[in-house]
Amino acid sequence: MLKQLPTSEFELGIDEIKASPKDNGVLEMIVRRPETETREIIQAGVISVENGLEGDNWKARGSSAMPDGSADPEAQITLMNSRVIQLLSGDKENWQWAGDQLFVDMDLSIDNLPPHSRIQVGSAILEISAKPHTGCKKFSSRFGVEALAFISTPLGKALRMRGVNAKVIQTGEIKVGDAVKKL
């Protein structure tokens, strides 16, 4: 079980989160989920229009949000601000348990990246979905009830502390250290 911090410690990190780069960020970690509850931290990968992050189970897993149980194209890729996950987890080794695929040092707020905004990661192009990315039971059990409450506040939602869903517009290669550019 991960160390779970009190809300008072999370609040100390808000200014750092707000200082995230707005236009040009960095891809800090790539996590592939080949099976449920399995994580692989990789240094490079391919994001495709057909499959999302190659080797990830997004397509095979499907989504209960879709009438036919198929994978939700609006949630092909999930991104989370690396400053938020570092604050919540306390250790980069624990980032992978958030369940997101791309951890970026970039402002993911609604003001900075409204729905349908596009970003380039490596040579891939992603479009930010209108579908919100919200915390769940797994997130709460891993990072704590206070962490879930913190990211679910009006400020947490405005900053998209839980992250964003995106769909792939252009297939491309990515690697840790790549620029993340607002288009």
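Quick notes on this structure:
- Test: Gln43 is of a type outside the set (Asp, Glu), more than 20 Å from Ser129 (Cα to Cα) and modelled with pLDDT of 90 or more: yes
- For region 43-58, the tally of residues that are under 11 Å from Arg32 (Cα atoms), out of contact with any Asp or Glu (no Cβ under 8 Å at 6 or more places or on another chain) and without any contact (Cβ under 8 Å) to a residue 60 or more places away in the chain stands at 4.
- Glu28 falls short on exactly one of the conditions (1) modelled with pLDDT under 95; (2) touching a Phe, Trp or Tyr at 6+ places or on another chain (Cβ under 9 Å); (3) among the acidic types (Asp, Glu), and that condition is (1).
- If you go through region 59-91 and keep only what is in a helix (DSSP H, G or I), over 30 Å from Glu11 (Cβ atoms) and either in contact (Cβ under 8 Å) with a residue 40 or more places away in the chain or in contact with a Leu (Cβ under 9 Å, 6 or more places away or on another chain) (or both), you end up with Pro73, Glu74.
- Residues within region 92-123 that are of a type in the set (Asp, Glu) and either touching a residue at least 60 places away in the same chain (Cβ under 8 Å) or in contact with a Gly (Cβ under 9 Å, 6 or more places away or on another chain) (or both), tallied: 3
To keep it simple, each residue is scored yes or no on (1) more than 23 Å from Thr38 (Cβ to Cβ); (2) of a type in the set (Gly, Ala, Ser); (3) in a helix (DSSP H, G or I).
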{"site": "Trp95", "(1), (2), (3)": "no, no, yes"}
{"site": "Phe103", "(1), (2), (3)": "no, no, no"}
{"site": "Asp107", "(1), (2), (3)": "yes, no, no"}
{"site": "Lys138", "(1), (2), (3)": "no, no, yes"}
{"site": "Arg142", "(1), (2), (3)": "no, no, yes"}
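- Among (1) in contact with a Lys or Arg (Cβ under 7 Å, 6 or more places away or on another chain); (2) among the β-branched types (Val, Ile, Thr); (3) touching a residue at least 40 places away in the same chain (Cβ under 8 Å), the one test that Thr134 misses: (3)
Here is a yes/no grid of residues against (1) within 13 Å of the chain's Cα centre (by Cα); (2) farther than 21 Å from Glu16 by Cα; (3) buried (at least 22 other Cβ atoms within 10 Å of the Cβ); (4) acidic (Asp, Glu):
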| residue | (1), (2), (3), (4) |
| --- | --- |
| Val84 | yes, no, yes, no |
| Asn94 | no, no, no, no |
| Ile128 | yes, yes, yes, no |
| Phe143 | no, no, yes, no |
| Gln170 | no, yes, no, no |
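The values are calculated or read from the model by the stated rules, or taken from the named source; none is laboratory data. All of these numbers come straight from a predicted model, not from anything done at the bench. As a convention, Cβ positions derive from the backbone with ideal geometry for all residues, glycine included, and neighbour counts pool all protein chains shown.
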